[in-house]
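Notes follow once the structure below has been shown.
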Amino acid sequence: MACRKVDRAIARKIIDSIDNFLFDCDGVLWEASKEIPGSADTIAALRKLGKKIFYITNNSGKTRSQYVQKCKSLGFHAAEEDVICTGHAAAQYINAQNLKGKVYCVGNTSMGVELDSFGIKHFGIGPDEVPGSIEQIGIQQHINLDPEVSCVLVGFDPHINYMKMTKAASTGAVVGAIKIPARKEPVVVGKPNSVMFDLLKKEHNLDPSRCMMVGDRSDTDIHMANLCGMDSLLVFSGDMSYERLQALQTSADTDDKRNLIYLNIIVIN
Ligand SMILES: [Mg+2]
């Protein structure tokens, strides 16, 4: 993939050839609860040009509706159908599988709200204390496994502990710790996998050749864009800096080189 800095001519080409802009959120539109200066104006200007804006985030700690509220509080126009986050996407994905039985959710209350919105039976959110002594933990009969569980859903869980990992045996390090004893390869909903874009594409009838992913990470945002056949725009307001990009370009490290191949178009803001 060619890797180019955005100048006026490229910006013109982007505006002419792209109808749908998919924005990563953290590090692109905001840092924690503060808008990254200029981002709300950029979204408003693109909307004025008739462009469709989507918000796509790997953060499972909020529901779609909570993201809409956050967008509005920071000056970004958003409706629920414009937002796709991992909690909602996972619930939508599970619903489409027509699974019989319950979901054991190693996650948070927002993920529970998303599962509830599809009427999916679930349990596991919140603290799960270890009963008795340390010796008892390893004895299987002290852990009540529910035979009706047909799916384990893993996201950000502030209460993760040995009990939950044992029951799930079934984000990131937690998935790694769970997938080996479970002997199952997980379906990963977050970027760089295509699940969230596939859902958006189906719901909004999107043509990937008229879409652009805007993100601050080459290994998630830009990688997903490449997998899905979209153009991509890397911004330096979050995870990546211009200096780090230059260092990556001269690095002998194979992981660094692999991340670079995902770069398509670069913008400095
Ligand atoms: Mg980001």
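Considering only residues of region 226-253 that are of a type in the set (A, V, I, L, M, F, W, C) and more than 13 Å from the ligand (Cβ to nearest atom), which is nearest to Ser33 (Cα to Cα)? Reasoning before the result, please.
Of all residues in region 226-253, those of a type in the set (A, V, I, L, M, F, W, C) come to 227-228, 230, 233-236, 240, 245, 247-248, 252.
Cutting the leftovers down to more than 13 Å from the ligand (Cβ to nearest atom) gives us 227-228, 230, 245, 247-248, 252.
On the way: Leu227: 30, Cys228: 30, Met230: 29, Leu245: 26, Ala247: 30, Leu248: 29, Ala252: 37 Å.
The selected residue is Leu245.
Identify, please: which residue in region 205-225 is closer than 19 Å to Arg4 by Cβ and among the hydroxyl-bearing types (Ser, Thr, Tyr) and is, among those, nearest to the ligand (Cβ to nearest atom)?
Across region 205-225, the extreme among qualifying residues is Ser218.
What are the residue pairs meeting all of these: first residue in region 100-117, first residue at positive phi and outside any strand (DSSP E or B), second residue surrounded by fewer than 18 Cβ atoms within 10 Å (Cβ to Cβ) and modelled with pLDDT of 90 or more, Cβ atoms under 8 Å, and 6 or more apart or on different chains?
Final answer for the pair search is Gly101/Lys121.
Check region 44-52 and report whether any residue there is within 24 Å of Gly155 (Cα to Cα), modelled with pLDDT of 95 or more and not basic (Lys, Arg). Walk me through it before giving the result.
So the first thing to find is which residues in region 44-52 are within 24 Å of Gly155 (Cα to Cα), and the list is none.
Scanning region 44-52 turns up no residue that is within 24 Å of Gly155 (Cα to Cα), modelled with pLDDT of 95 or more and not basic (Lys, Arg).
Kindly establish whether Met165 is at pLDDT below 90, more than 24 Å from Pro37 (Cα to Cα) and of a type outside the set (Val, Ile, Thr). Explain how you work it out, then say what you get.
Details: at pLDDT below 90: yes; more than 24 Å from Pro37 (Cα to Cα): yes; of a type outside the set (Val, Ile, Thr): yes.
So Met165 fits the description; yes.
Among the candidates Gly138, Gly190, Gly155, which residue alone is within 16 Å of the ligand (Cβ to nearest atom) and either at pLDDT below 80 or buried (at least 20 other Cβ atoms within 10 Å of the Cβ) (or both)? Steps first, please.
Details: Gly138 fails: within 16 Å of the ligand (Cβ to nearest atom); Gly155 fails: within 16 Å of the ligand (Cβ to nearest atom).
Matching residue, one of Gly138, Gly190, Gly155: Gly190.
Among the candidates Phe23, Phe76, Phe118, single out the residue that is closer than 16 Å to Leu199 by Cα, more than 16 Å from the chain's Cα centre (by Cα) and of a type outside the set (Val, Ile, Thr). Steps first, please.
Numbers: Phe23 fails: more than 16 Å from the chain's Cα centre (by Cα); Phe76 fails: closer than 16 Å to Leu199 by Cα.
The match here is Phe118.
Restricting attention to region 193-212, and to residues there that are within 16 Å of Met224 (Cβ to Cβ) and touching a strand residue (DSSP E or B) at 6+ places or on another chain (Cβ under 7 Å), which single residue is surrounded by the most Cβ atoms within 10 Å (Cβ to Cβ)?
Met196
The values are calculated or read from the model by the stated rules, or taken from the named source; none is laboratory data. In this text the structure is predicted, and so the values were computed from the model without any measurement. Please note: Cβ atoms are built from the backbone with ideal geometry, for glycine as well, and neighbour counts cover all protein chains shown.
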